[in-house]
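A quick write-up on the structure given underneath.
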Amino acid sequence: MMKKQWIVLIVALVLVLAACGNTTKEEPKDAAEKNNQTEEKENKQNEEVADDEEESQETTIEKKESEGTDATDSNDENEGDNGSLDAEENGEKDDSNASENEEDDDAGEESTDDDIVEFGFSIFEAQANKDYDYLASVLSKGSTLNKDKNTIQFDDVTYPHEYEFISEKDFKNLDERYIHDEDDGSVIVGYAVVDYETESSYIIDAVFIKEDGKWKVNDMDINK
């Protein structure tokens, strides 16, 4: 009876020890598995974070590239607009310059005509005052001054003739009537002498040419 009890006690003790041994061995296994699972979870989370960061960087790069393209397109458009504006402004400036040049040409022609008309008046004044030195300086090469007769001989014309000086009285009644530019470069100016007391008048056609860059009188013809 005692042996049986001892045997039962020993068997129970063995079972208890065995159970304890199994429990001790399984706990490390469970802990290792838990650590592995934790590491796997952390690795997975790290991978997800890395993927998110990579996607974020790609999105940022794409956005910057897109912004760069838009900026380039915008600059191209602005350059195109600026080019058009510059072309329009240059066109307006060219038109303005052309108009100014035309106005300058017209003003130059008017100035030349006025100068020639005044030049003729100075010649008639010299005749009235018997200023022979001035008259000799303004005659063309085909013309001759006669101081004794107060006349000018014009030979370099279609019909050579002698012209008599205008009087001081007629000079006071002298006025310009017309001006014509000829194809050969000469200029014809018509001067009118009007005597309101006697109600008489006549025209003197004066022809001016350029010699050595200076205006000279080449003809004066009275038409009564």
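What follows draws every value from the coordinates through simple rules; no lab data is involved. Owing to the predicted nature of the structure, the values given are computational and were not obtained by experimental measurement.
Listed values, structure above:
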{"quantity": "4 °C / 1.567 mPa s Stokes-Einstein diffusion coefficient of the stretch 150-197, Kirkwood radius on C-alpha pairs, µm²/s", "calculated": "100"}
{"quantity": "Cα pair distances exceeding 19 angstrom across the stretch 117-223, given as percent", "calculated": "40"}
{"quantity": "Entries in Lys147/Lys216; Lys169/Lys214; Lys141/Lys169; Lys169/Lys224; Lys149/Lys210 that, when Cα-Cα distance is taken, lie over 25 Å", "calculated": "Lys169/Lys214; Lys141/Lys169; Lys149/Lys210"}
